[in-house]
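A short worksheet on the structure shown next.
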Amino acid sequence: MARAIRSNTRFDLIILGTCIALAFAARALPNTLRDPVATGMRRSFLAPLVLLQENAERGRESLLSAEPKQAHLDSLSLGSMKAGALESENERLRKIIGLGSRIRTGFVPAEALHGRGVRDETTVILSAGSRAGVERMSPVIAPEGLVGFVDQVDPTMSHALLWTHPDFRVSAMSPDGTAFGIAQAHLTSATGGYLMELRGVPFRATLKPGALIVSSGWGGVWPRGIPVGTVLQEIKTSEGWARTYLLQPAVNPADVYSVMILRRERLAKGLDGVWESVAQADQAAQRIVVSGDSAAKAAALAEAAARRAVIDSIAAANGTPPLGVTPTTPAATDTSAEAVAARAAARAAAQRAAARRAAAADSAARRADTVPRRDSVRTDTTPIRPGARR
């Protein structure tokens, strides 16, 4: 049976009166006694109430700050998601600016707009047209190298064919001019990616994997020196008079968003040395890394030698053998008759082997002395050819 709710009972009145009396007594206490009494009450029977109030206040603060904290975490997550894309975009813009500073004049910057259709893997829309000086067959390049050429031109935009298009061709060569060929898209899907092939290379010219291939400048469309790709391997074909090489393209079409369109006046000047400075900078950076590694290795060897010297000096001071030197074996210090006889027999065998080697060397020297020398042969005993004068 449920207990009835009490109200205005005598016990409650006694508790209330006691609390009121204690309150008036606490108010009447002097200042010297009030603080110690209050401290004792907080530390004794009021401690659970104080702890409960503290926990309630913390819970209230947590509830009030939960929403701002969640918003801050969401903003941090969104910023971290965008950080990678922003870093890659800034890196590409820096490369575009560096390429523009090396070319200086004769180019039109443009944005490449990709579509999602079937043919959009081989074509791209550029945000610059005839008003900016773009013409048909104008080369399109990127900081990494060759991208394509302009196919159609409008006043404010243009249409370009990428190197992945089946109709794309460019005359290419090795930087030293020993091998020439025609670079085009590799249309075999078994490779599993965007690749190029260099066809028509003379059979006498061989290219090693990793060799750079650049545009040759023949044909009047592409200037000389634009990176096309690097050699992966040779492809076996039915052509017996020429070689075909598989190339890793310098530019991935999916990563093309900021490009440069070359004008006709720039084609006449050429692009000699534009990408060579980039390669030289990469080689210089690699040399710096290698020199730093060698310096670190030398410092590590010097530190190891110093530690070895300290350990050897400590071992010598303690009378123990140095590190890496094995102490004398008990067999070498054994003074028993069997051990002494064994060591004497070993020494005798070594002496006999040395004597046999000395005897063999002496006999070889004697045989060499018995061979007559050329100047010791008598001339009167040599036969004379008919008609020769003595």
Of LEU51, LEU73, LEU93, the only residue that is assigned to a helix (DSSP H, G or I) and touching a residue at least 12 places away in the same chain (Cβ under 8 Å) is LEU93
For GLN53, the lone unmet condition from (1) open to solvent by 90 Å² or more (accessible area, probe 1.4 Å); (2) at pLDDT below 80; (3) polar (S, T, N, Q) is (2)
Given the conditions (1) open to solvent by less than 60 Å² (accessible area, probe 1.4 Å); (2) more than 17 Å from ILE141 (Cα to Cα); (3) of a type in the set (Val, Ile, Thr), every one holds for VAL251 apart from (2)
Within segment 275-310, of all residues that are open to solvent by less than 80 Å² (accessible area, probe 1.4 Å) and under 30 Å from HIS186 (Cα atoms), the one modelled with the highest pLDDT is TRP275
The condition from (1) within 30 Å of TYR257 (Cα to Cα); (2) exposed (fewer than 10 other Cβ atoms within 10 Å of the Cβ); (3) not aliphatic (A, V, I, L, M) that GLU89 misses is numbered (2)
The one condition PRO202 fails out of (1) open to solvent by 30 Å² or more (accessible area, probe 1.4 Å); (2) in contact with an Asp or Glu (Cβ under 8 Å, 6 or more places away or on another chain) is (2)
Flagged pairs (Cβ under 7 angstrom, 6 or more apart or on separate chains; first in segment 163-183, assigned to a strand (DSSP E or B); second charged (D, E, K, R)) are GLY181/ARG199; ILE182/ARG169; ILE182/ARG199
ARG102 meets each of (1) free of Cβ contacts under 8 Å to residues at least 24 places away in the same chain; (2) out of contact with any strand residue (DSSP E or B) (no Cβ under 8 Å at 6 or more places or on another chain); (3) closer than 30 Å to ARG263 by Cα with one exception, condition (1)
Handout entry: GLY100 modelled with pLDDT of 80 or more, surrounded by 10 or more Cβ atoms within 10 Å (Cβ to Cβ), within 30 Å of TRP222 (Cα to Cα) and not hydroxyl-bearing (Ser, Thr, Tyr)
Key = no
Quick count over segment 254-274, residues being over 18 Å from SER88 (Cα atoms) and either within 25 Å of the chain's Cα centre (by Cα) or open to solvent by 70 Å² or more (accessible area, probe 1.4 Å) (or both), is 7
Does segment 224-232 contain any residue that is in contact (Cβ under 8 Å) with a residue 24 or more places away in the chain, in contact with a helix residue (DSSP H, G or I) (Cβ under 8 Å, 6 or more places away or on another chain) and surrounded by fewer than 21 Cβ atoms within 10 Å (Cβ to Cβ)?
yes
Exactly one of VAL214, VAL231 is among the hydrophobic types (A, V, I, L, M, F, W, C) and under 25 Å from ALA112 (Cα atoms), and that one is VAL214
Has segment 237-248 got any residue that is aromatic (Phe, Trp, Tyr) and more than 25 Å from ARG136 (Cβ to Cβ)? yes
Within segment 113-122, can one find any residue that is aliphatic (A, V, I, L, M), modelled with pLDDT of 90 or more and part of a strand (DSSP E or B)? no
For segment 205-223, the count of residues that are hydroxyl-bearing (Ser, Thr, Tyr) and either surrounded by 21 or more Cβ atoms within 10 Å (Cβ to Cβ) or touching a Phe, Trp or Tyr at 6+ places or on another chain (Cβ under 7 Å) (or both) equals 2
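Please work out if GLY115 is of a type outside the set (Lys, Arg), over 29 Å from the mean Cα position of the chain (by Cα) and under 26 Å from ALA242 (Cβ atoms).
no
The values are calculated or read from the model by the stated rules, or taken from the named source; none is laboratory data. Please read all numbers here as calculations on a predicted model, not as lab measurements. Backbone-built Cβ (ideal geometry, glycine too); neighbour counts: all protein chains shown. Ligands, DNA and RNA are stripped out before the accessible areas are found, and what is left, the full protein with its side chains, is counted by its heavy atoms. Shrake-Rupley method; radii C 1.70, N 1.55, O 1.52, S 1.80 Å.
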